[in-house]
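**Student:** Below is a structure I'd like to ask you about.
The values are calculated or read from the model by the stated rules, or taken from the named source; none is laboratory data. Predicted, not measured: the structure shown is a model, and the values here were computed from it. Cβ placement follows ideal geometry from the backbone for every residue including glycine, while neighbour counts extend to all protein chains displayed. Please note that ligands, DNA and RNA were not included when accessible areas were found on the heavy atoms of the full protein model with its side chains. Shrake-Rupley method; radii C 1.70, N 1.55, O 1.52, S 1.80 Å.
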Amino acid sequence: MVLIRPQASFVALSEAHFSALHVFVRLALWLGMMPPLCAYVGMTKHGWQLGTVEPLMLPKVTIGVICALYFFALLFGFISAAIIGRWMAGTYGATRDLGAHFALLVVVGAPLVLGSLMHLYPDVFLNLLVLVPCLIWSMFLLYRGLPIVLQTTPEQGMLMASSMIGYLFVAFVSLLGISVCLWVYGIGPRLGV
Amino acid sequence: MAAIKWPAAPTTYEDDVVLAFTIAAVLWSLIGMAAGVYAAAELVWPALNLDFAPLTFGRLRTVHTNAVLFGFAVSALMGTSFYTVQRTCHIRIFAPNLAWTVFFAWQLIVIAGAVSLFMGANAGKEYAELEWPIDIAITVVWVIYGVVFFGTIAIRRIEQIYISNWFFGAFILVVAMLHIVNSLAIPVSAFKSYSLYAGAQDAIVQWWYGHNAVGFLLTGGFLGMMYYFLPKQSERPIWSYRLSVLSFWAFAYSYIWAGPHHLHFSAIPEWVQTLAMVMSLILLAPSWATMINGIMTVSTARQKLREDPGLKLIVLSLAFYGLAMFEGPMMAIRSVNIISHFTEWTIGHVHSGALGWNALITFGCFYFMVPRLVGQPLWSVRLANIHFWLALAGVMLYVLSMWGAGITQGVLWLSLDELGQVRYGFNEILAALQPYYLLRLLGGSAFFVGAILMSINLFMTISGQRTVTVAPPTTSMRSPAPAAGTP
Ligand code: HEM
Ligand code: HEM
């Protein structure tokens with residue numbers, strides 16, 4: 001419903017009350033499991049494809065570890081974004097509790113979770129192709145939904161959404177950096193470094 | 001500073017030259033991005049070079065970087081610095097004729113540069129490709145630019161020198177120093193010279209230049225822009241003026257050392273690389289302090305955001321500034337750089353800065369400045385909002401596709417097979433990148449279309465109008481008032 005009529009569902013969200021724990025256990029946890037699960041299935045079945053001839057087949061245990069790390073990274077990203085959002089909200093005149101932030105993030109993240117179905121076939125390029133439009137869609141939802149759900153003016157919502165995007169950039173780039181460091185130190189693909 | 005003499009009768013601001021620089025910057029952005037889009041298309045379909053030497057990737061790429069950096073970015077900085085320095089010093093620009101000389105001479109230089117690059121003349125140093133006759137012309141024009149700028153500061157009618165002027169001043173001084181030292185060469189003919197430096201020294205001097213050109217031009221100069229236009233547009237004083245001064249000095253001090261992070265794992269001494277890595281990490285602090293200062297400045301300006309489409313672009317540019325300033329120090333860490341170096345990841349980093357930060361903040365300032373220069377409302381706010389979304393989608397596509405390409409490239413280059421040999425050949429890896437290049441082309445094109453919309457919008461705003469005459473306030477003030485009512 002959220003994906004078809006965002007405006008209406010944002011208004012509904014803004015009127016409802018959520019307990020943070022409730023949203024987390026009922027929704028976030030399960031949605032967060034989707035991408036790692038798809039990645040696990042995809043990587044064990046098809047291998048990891050960087051666009052060259054042979055796919056990279058990793059042992060099942062390694063894949064398991066990678067997917068578990070992926071899951072925790074997503075959870076960390078989700079919770080930290082909500083907490084940072086809650087902290088920022090004071091500056092932008094939004095006073096709703098953590099539950100509303102969780103709910104907002106679930107909605108905003110939904111297109112990405114949907115796009116992550118593409119992990120079932122882990123070709124890096126195809127995944128990017130699907131996930132980039134999803135990401136732009138998510139950003140659009142963030143700019144649109146934030147002021148409504150958090151009950152602030154559209155202008156302050158725009159500022160806060162930009163700040164959130166700044167934080168998410170940093171979180172994502174850190175993830176990239178940490179993964180690369182792990183590879184260089186021998187966890188992941190075998191590299192000549 | 002009791003020695004300052006306040007000139008008796010302030011005349012009006014010289015704004016025609018500002019408008020001229022603005023129009024030139026917009027034109028150069030279109031030319032430069034068109035070259036960028038074409039170069040990006042060549043990476044997808046190599047046949048597009050039509051076997052015509054000036055259109056080959058190597059030449060077109062240099063034309064792209066020169067047109068966007070020296071045509072677009074420098075013209076924009078010259079224009080906005082003249083606009084800002086007059087309004088923060090409450091005085092007409094020092095020697096307007098010299099300012100016009102800078103305008104015409106600089107445009108000629110960029111045109112001559114583009115033509116010489118198309119012809120294949122190249123000094124062989126990145127971002128300093130122009131040959132020695134042009135280098136000498138650049139030096140002369142730059143000195144005149146400095147005379148106009150610092151001359152205006154010298155005759156100012158406000159005691160304090162506003163923070164923007166510190167950044168613009170550092171930009172002018174440091175670029176002069178970098179340019180002169182790095183371009184020292186022995187000419188052998190009108191179109192060929194050899195650098196005075198050789199080997200590892202040459203590399204260190206070159207990246208001292210290259211990195212600080214990024215630091216003081218693409219970062220410092222644009223921070224000068226930000227510190228004037230952001231408070232002005234949002235009608236709020238800077239959140240913490242003290243923080244801005246503090247971060248200026250920290251920034252100027254730490255940037256200068258970071259150049260060798262472009263030379264990790266090369267023949268330069270290892271301690272130099274380590275020093276650069278550490279200084280790059282330290283640089284994170286002043287960069288982020290500046291970003292936070294900017295974000296906090298707008299955070300209460302809700303009314304303005306509704307009326308001013310430009311402010312949105314500036315706010316977004318701060319997010320990308322934060323990204324580039326975080327990603328950069330990370331890439332300076334040697335364990336990350338070993339993967340990212342020489343790959344498209346660097347290109348993604350460059351454009352998250354160049355498109356996301358430099359281009360967006362400039363566009364935002366132009367949307368603010370141009371209507372005020374000609375005394376007309378912006379032709380179409382709707383078009384500007386469409387530009388916002390095209391720009392955001394364009395940068396995201398560009399950066400994400402280059403991240404994907406960069407990681408792929410880095411991992412494949414380093415992959416080993418069972419015998420410990422390099423697993424993939426160069427051709428194979430290049431072929432694997434093709435789809436990402438296509439995606440980048442799409443992103444770049446979206447960004448380019450946005451810029452075209454902006455040009456139409458600004459052109460329609462300007463057309464048929466003259467610049468309005470604006471006089472400085474007659475009472476000289478003791479402190480600069482960036483958010484006060486000066487037009
Ligand atoms: C429509 C937008 C643009 C497109 C499609 C584009 C495309 C490109 C391409 C294809 C390259 C060569 C990459 C390679 O060698 O693999 C490049 C390099 C570069 N571009 Fe752009 N560009 C755009 C806008 C800009 C702007 C606005 C700036 C600066 C303000 C800029 C600054 C640079 C720089 C500095 C490089 C050299 C990077 C390096 O050597 O690491 N570009 N661009
Ligand atoms: C704290 C700030 C920054 C740091 C520490 C930093 C660091 C780096 C590093 C490590 C590289 C890769 C060098 C290599 O592996 O070859 C790089 C490349 C580059 N960065 Fe940054 N960066 C920062 C901010 C920026 C910003 C704001 C821009 C603005 C546009 C920018 C533009 C560039 C360019 C043009 C290159 C490519 C140079 C080339 O031609 O190879 N950087 N930077």
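**Student:** Can you tell me which of B:Val374, B:Val422, B:Val395 is free of Cβ contacts under 8 Å to residues at least 60 places away in the same chain and in contact with a Ser or Thr (Cβ under 8 Å, 6 or more places away or on another chain)?
**Tutor:** Numbers: B:Val374 fails: free of Cβ contacts under 8 Å to residues at least 60 places away in the same chain; B:Val395 fails: free of Cβ contacts under 8 Å to residues at least 60 places away in the same chain.
Checking each option against the conditions leaves just B:Val422.
**Student:** Where residues in the stretch B:249-298 are within 14 Å of chain A (Cβ to nearest Cβ) and part of a loop (DSSP other than H, G, I, E, B), which of them is farthest from ligand 2 (Cβ to nearest atom)?
**Tutor:** B:Phe265
**Student:** For the stretch A:22-49, which residues satisfy the criterion of being surrounded by fewer than 19 Cβ atoms within 10 Å (Cβ to Cβ) and either within 25 Å of B:Ser415 (Cβ to Cβ) or modelled with pLDDT under 75 (or both)?
**Tutor:** Selection gives A:His22, A:Val25, A:Arg26, A:Val41, A:Thr44, A:Lys45, A:His46, A:Gly47.
**Student:** Quick check on the stretch B:324-352: of everything there that is surrounded by 23 or more Cβ atoms within 10 Å (Cβ to Cβ) and within 30 Å of B:Val18 (Cβ to Cβ), which residue is nearest to ligand 1 (Cβ to nearest atom)?
**Tutor:** B:His351
**Student:** Would you be able to say whether some residue in the stretch A:97-120 is over 30 Å from B:Arg440 (Cβ atoms), open to solvent by 10 Å² or more (accessible area, probe 1.4 Å) and outside any helix (DSSP H, G or I)?
**Tutor:** Yes: the stretch A:97-120 contains one or more residues that are over 30 Å from B:Arg440 (Cβ atoms), open to solvent by 10 Å² or more (accessible area, probe 1.4 Å) and outside any helix (DSSP H, G or I).
**Student:** Does the stretch B:214-221 contain at least one residue that is more than 16 Å from ligand 2 (Cβ to nearest atom), hydrophobic (A, V, I, L, M, F, W, C), open to solvent by 10 Å² or more (accessible area, probe 1.4 Å) and assigned to a helix (DSSP H, G or I)?
**Tutor:** As a first pass, look at the stretch B:214-221 and keep what is more than 16 Å from ligand 2 (Cβ to nearest atom): none.
No, the conditions are met nowhere in the stretch B:214-221.
**Student:** Same structure again: Just the residues that are assigned to a helix (DSSP H, G or I), hydrophobic (A, V, I, L, M, F, W, C) and more than 8 Å from ligand 2 (Cβ to nearest atom), please, taken from the stretch B:301-324.
**Tutor:** First pass over the stretch B:301-324, keeping only residues assigned to a helix (DSSP H, G or I): B:302-307, B:309-324.
Filter once more, so that each one left must be hydrophobic (A, V, I, L, M, F, W, C): B:305, B:311, B:313-316, B:318-320, B:323-324.
Selection gives B:Leu305, B:Leu311, B:Leu313, B:Ile314, B:Val315, B:Leu316, B:Leu318, B:Ala319, B:Phe320, B:Leu323.
**Student:** Also, quick follow-up: Of these, B:Pro473, B:Pro480, B:Pro435, which one is crowded, with 19+ Cβ neighbours inside 10 Å, at pLDDT below 85 and either facing chain A (nearest Cβ under 9 Å) or over 24 Å from the mean Cα position of the chain (by Cα) (or both)?
**Tutor:** Every option except B:Pro480 fails the conditions.
**Student:** Shifting gears a bit: Name the residue, out of B:Trp257, B:Trp239, that is open to solvent by 40 Å² or more (accessible area, probe 1.4 Å), within 25 Å of B:Lys125 (Cβ to Cβ) and either touching a residue at least 12 places away in the same chain (Cβ under 8 Å) or in contact with a strand residue (DSSP E or B) (Cβ under 8 Å, 6 or more places away or on another chain) (or both). Working first, answer last.
**Tutor:** Details: B:Trp239 fails: within 25 Å of B:Lys125 (Cβ to Cβ).
Just one listed residue meets the conditions, B:Trp257.
**Student:** Can you list the helices (runs of 4 or more DSSP H) lying wholly within the stretch A:1-96 that have 2 or more residues being of a type in the set (Gly, Ala, Ser)?
**Tutor:** Numbers: elements: A:6-15, A:20-23, A:29-46, A:60-89.
Those helices (runs of 4 or more DSSP H) span A:6-15, A:29-46, A:60-89.
**Student:** I need a count of the residues in the stretch A:67-96 that are within 14 Å of another protein chain (Cβ to nearest Cβ) and either closer than 20 Å to B:Ser415 by Cα or open to solvent by 40 Å² or more (accessible area, probe 1.4 Å) (or both).
**Tutor:** Of the residues in that region, 5 qualify.
**Student:** Also: In the stretch B:132-166, what count of residues is obtained for those that are farther than 18 Å from B:Leu77 by Cβ and of a type outside the set (A, V, I, L, M)?
**Tutor:** 7
**Student:** Report whether or not B:Gln376 is more than 14 Å from chain A (Cβ to nearest Cβ), more than 18 Å from the chain's Cα centre (by Cα) and either aliphatic (A, V, I, L, M) or open to solvent by 10 Å² or more (accessible area, probe 1.4 Å) (or both).
**Tutor:** Numbers: more than 14 Å from chain A (Cβ to nearest Cβ): yes; more than 18 Å from the chain's Cα centre (by Cα): yes; either aliphatic (A, V, I, L, M) or open to solvent by 10 Å² or more (accessible area, probe 1.4 Å) (or both): yes.
In short, yes.
**Student:** While we're here: Given the structure, is B:Arg382 more than 9 Å from chain A (Cβ to nearest Cβ) and more than 15 Å from the chain's Cα centre (by Cα)?
**Tutor:** Working: more than 9 Å from chain A (Cβ to nearest Cβ): yes; more than 15 Å from the chain's Cα centre (by Cα): yes.
Yes; evaluated as a whole, the condition is true for this residue.
**Student:** Testing B:Val336 on (1) more than 9 Å from every other protein chain (Cβ to nearest Cβ); (2) in contact with a Cys (Cβ under 7 Å, 6 or more places away or on another chain), one condition comes back false. Which one is that?
**Tutor:** (1) is the only condition that B:Val336 fails.
**Student:** Right, another one. For the stretch B:23-70, enumerate the residues that are in contact (Cβ under 8 Å) with a residue 24 or more places away in the chain, more than 8 Å from ligand 1 (Cβ to nearest atom) and polar (S, T, N, Q).
**Tutor:** The answer is B:Thr62, B:Asn66.
**Student:** With the condition kept exactly as written, say whether any residue in the stretch B:53-62 is of a type in the set (A, V, I, L, M, F, W, C), away from ligand 2 (no atom under 16 Å from the Cβ) and open to solvent by 20 Å² or more (accessible area, probe 1.4 Å).
**Tutor:** There is at least one residue in the stretch B:53-62 that is of a type in the set (A, V, I, L, M, F, W, C), away from ligand 2 (no atom under 16 Å from the Cβ) and open to solvent by 20 Å² or more (accessible area, probe 1.4 Å).
**Student:** Please determine whether any residue of the stretch B:413-428 is more than 16 Å from ligand 1 (Cβ to nearest atom) and more than 14 Å from every other protein chain (Cβ to nearest Cβ). Give the steps one after another, and end with the answer.
**Tutor:** Here is the first cut: in the stretch B:413-428, the ones more than 16 Å from ligand 1 (Cβ to nearest atom) are B:414-425, B:427-428.
With more than 14 Å from every other protein chain (Cβ to nearest Cβ) added as a condition, the list becomes none.
No, the stretch B:413-428 contains no residue that is more than 16 Å from ligand 1 (Cβ to nearest atom) and more than 14 Å from every other protein chain (Cβ to nearest Cβ).
**Student:** Considering only the stretch A:184-193, state which residues are closer than 13 Å to B:Val336 by Cβ, facing chain B (nearest Cβ under 7 Å) and assigned to a loop (DSSP other than H, G, I, E, B).
**Tutor:** Matches in the stretch A:184-193: A:Val193 only.
**Student:** Anything in the stretch B:126-148 that is open to solvent by 20 Å² or more (accessible area, probe 1.4 Å) and under 15 Å from B:His64 (Cα atoms)? List them, or say none.
**Tutor:** B:Glu126, B:Tyr127
**Student:** Somewhere in the stretch A:162-183, is a residue more than 30 Å from B:Thr300 (Cβ to Cβ), at the interface with another protein chain (Cβ under 9 Å from one of its Cβ atoms) and assigned to a strand (DSSP E or B)?
**Tutor:** no
**Student:** Looking at (1) open to solvent by 10 Å² or more (accessible area, probe 1.4 Å); (2) facing chain A (nearest Cβ under 9 Å); (3) polar (S, T, N, Q); (4) within 20 Å of the chain's Cα centre (by Cα), which is the one condition that is false for B:Gln303?
**Tutor:** (4)
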